[in-house]
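Here's the structure, in structure tokens; my notes come after.
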Amino acid sequence: MSQKTILYVEDNEFNRKIIRQLLAQTSYRLREAHDGESGVRAALEELPDLILMDVQLPKISGLEATRRLRADARTAAVPIIIVTSYALDGDAQKAKDAGATAYLAKPYSPRDLLAKIREIIPEA
Amino acid sequence: MRASVQRKLLVAFLLITLLFMAMGAFSLFTIREMSRQSELLDRAHQRLESAQDIHHSLAMQMHLTAMALLVRDEAAVASVLRENNRFNEALARLEAAVEEPERAAIQKVRASQEEAMAVVADIANLVRDGKIAAATQLHGSREDPLYRSIDARVSEMVQRENARMVSLRDGLRAAQQRSLLVMTTFAAISVLLALAGGFVVSWALIQPVYAAHGFLNELASGRFGGTIVVPNRDEFGELAARLTATSRELARLDSEQRRAAQELVALNAKLEQASKAKSEFLANMSHELRTPLNAILGFTEMLGDGLYGPVPAEFKEPLADIQTNGRHLLRLINDVLDLSKIEAGRMELAVEAYSAQEIVGMVRTSLRSLAEEKGLEFKTELDAGLPEVMLGDARRITQCLLNLAGNALKFTKRGGVTIRVARDGEAVRYSVSDTGIGIPPEQLAEVFGEFRQVDATVTREFGGSGLGLSITKKFVEMHGGRIWVESRLGEGSTFHFTIPLESAAVASTL
């Protein structure tokens, strides 16, 4: 099997670093985007196997980005994990409504996140 | 001019009284006048009687003289003299009764009568001497004409007295009619005046009463500040002025109160806004806090997991400490966030069917290691009679039970903690008992307040944000349940809360 690609849309440098270092130990390939709009663009340029989407993002929110990706036929089937913010009540429901495959509350355990990723797209 | 009600009434009644007094005086006067008139009438009657007596006596004298001549008897003439005495008496009576002008006529009658008596004496002498012819001749030539002239004079007097009596009688009748008319008119006017006076006075009294009535109705219906207008300058006028002043004062108080209420409303809105702003600030703040905390916890976990290479044994404990404290900080942030959301009215319950068994199981799993670490017994008891389906926000109920059981474990040094779930009427009751330090009675009421723990040292020794019970209480109340505690200092505490079986009914924002 070929290497699987994960697109991570997140504006916080340290959070991106955690995922970068976490996935460095695996066979997954990581691509990064810093805001909602560039996240959508990156997904359409090169279809990822999974998208990891933060909710609070500059320009357009993770929810809006997810809706746009779900509306596009090319990305409609790509699994999306939304990292919800505990601060905003009903985020889990909003994530589902936007079309997320799964959701994870912040702060998340890197260990748990990796397990969830592996569950959805097993490593090659 | 100011006139009191009393004065008005006095004047009205005095007027009426004066009228009746005048009427009484007039009546007295009339009665006196009439009695005087009737006295006059009486006297006229007496005069008439006397005159008639004279008339009669005169006729007798003439008759007796004629008789004496006829029977030629001197004794008959003596009778004439007797009759003369009667005549004189009657004449004297008449003289006493008549007015001055009549007296002259009476003198003449008396003079004629004396002359007649002298003739009668002559006739008597002639009769005694037997000279009848001469006596008869004397009678015919002297006595008869004298008598006739007397008779004519007396007749005249009788006629005059009669006429006078008639005129007196007519006058009296006219006076009677006049006085009757005057009295009737007087009485009618008095009655009319009394009625008019009564009407005017009562109208003057009743009008301000009506005005006050209407005015008070206005006040009663909350329309303050009006003016009552009455023309009275008496006590009613004063009352009206008072009422107007009272109404103005009420209007002033009312507007003051309204202004105060408006200010309060505005202030309240401002405070609510400030409170909301505070809650929103806290929500944002805790979100901002969570992002770096996420990174701290993430890096620590990966470090511990050996992602960056083998972890030296002596690093393991400090790494675990970082994680423990990081998670504690996270709980504090979550508590603050929960409370601020509840206070901002942005906390909503997700009410659905849940299983008490699952909740208790989750709590047990979360806290078992803590109980084991402290060497405490940790028991859970579920009543067999619990309903199949219970409604509530499972996540929040779990949080409540976790708070209570976590606290119980924290505050217990030996013994154990027991969670019981049982049916309590139309609700499920969750109870958490411990054998911990207990709560002093005077602080029982305060334990559910924000930032309350038995004392500040407890927070340092046992940790916790001091918000757990407060949040638990709010979640329970949002479900429509209640929370309470029983405790004995040094022996332990039992916290209870209930969740109504039909809690969906109250599952809205608090």
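The values are calculated or read from the model by the stated rules, or taken from the named source; none is laboratory data. Quick caveat, the model's predicted, so the values are computed rather than measured. Glycine gets a Cβ as well: all are built from the backbone with ideal geometry, and neighbour counts include every protein chain shown.
When the range B:271-313 is limited to residues that are charged (D, E, K, R) and facing another protein chain (nearest Cβ under 8 Å), the one that is surrounded by the fewest Cβ atoms within 10 Å (Cβ to Cβ) turns out to be B:305. Across the range B:324-342, the number of residues qualifying as within 29 Å of residue A:25 (Cβ to Cβ) and buried (at least 17 other Cβ atoms within 10 Å of the Cβ) comes to 2. Which is at pLDDT 85 or above, hydrophobic (A, V, I, L, M, F, W, C) and surrounded by fewer than 14 Cβ atoms within 10 Å (Cβ to Cβ), of B:240, B:251, B:211, B:196? Checking each option against the conditions leaves just B:196. Residues in the range B:314-351 that are more than 12 Å from chain A (Cβ to nearest Cβ) and either not in a helix (DSSP H, G or I) or not acidic (Asp, Glu) (or both): B:315, B:316, B:318, B:319, B:320, B:322, B:324, B:325, B:328, B:332, B:339, B:351.
Is it the case, given these coordinates, that residue B:79 is of a type in the set (Ser, Thr, Tyr) and farther than 30 Å from residue B:173 by Cα? For residue B:79, the condition - of a type in the set (Ser, Thr, Tyr) and farther than 30 Å from residue B:173 by Cα - is met.
Give the residue, chosen from A:63, A:69, A:44, A:50, that is surrounded by fewer than 18 Cβ atoms within 10 Å (Cβ to Cβ), within 16 Å of residue A:7 (Cα to Cα), more than 14 Å from chain B (Cβ to nearest Cβ) and not β-branched (Val, Ile, Thr).
The unique qualifying residue is A:44.
Residue A:12 passes every criterion in (1) within 14 Å of chain B (Cβ to nearest Cβ); (2) modelled with pLDDT of 90 or more apart from (2).
Restricting attention to the range B:94-112 and to residues that are modelled with pLDDT of 80 or more and hydrophobic (A, V, I, L, M, F, W, C), the residue that is farthest from residue B:41 (Cα to Cα) turns out to be B:111. Before we move on, is residue A:17 within 14 Å of another protein chain (Cβ to nearest Cβ), within 14 Å of the chain's Cα centre (by Cα), free of Cβ contacts under 8 Å to residues at least 12 places away in the same chain and more than 24 Å from residue B:331 (Cα to Cα)? Criteria not met by residue A:17. Kindly establish whether residue B:7 is over 60 Å from the mean Cα position of the chain (by Cα) and either more than 30 Å from residue B:130 (Cα to Cα) or of a type outside the set (Asp, Glu) (or both). Judged against the criteria, residue B:7 is not a match. With respect to residue B:286, is the statement that it is part of a helix (DSSP H, G or I), closer than 30 Å to residue B:228 by Cβ and among the hydroxyl-bearing types (Ser, Thr, Tyr) true? The answer is no for residue B:286.
Residue count for the range A:47-62 under the criterion of being over 11 Å from the mean Cα position of the chain (by Cα) and modelled with pLDDT under 90: the result is 6. Of the candidates A:26, A:75, A:101, A:84, the single residue that is within 14 Å of chain B (Cβ to nearest Cβ), farther than 24 Å from residue B:327 by Cα, among the polar types (S, T, N, Q) and in contact (Cβ under 8 Å) with a residue 12 or more places away in the chain is A:26.
Given the condition under 30 Å from residue B:343 (Cβ atoms) and part of a helix (DSSP H, G or I), answer yes or no: does some residue in the range B:242-252 qualify?
Looking for residues that are under 30 Å from residue B:343 (Cβ atoms) and part of a helix (DSSP H, G or I), one finds none in the range B:242-252, hence no.
Can you spot a residue in the range B:165-175 that is at negative phi, in a helix (DSSP H, G or I) and within 60 Å of the chain's Cα centre (by Cα)? Yes: the range B:165-175 contains one or more residues that are at negative phi, in a helix (DSSP H, G or I) and within 60 Å of the chain's Cα centre (by Cα).
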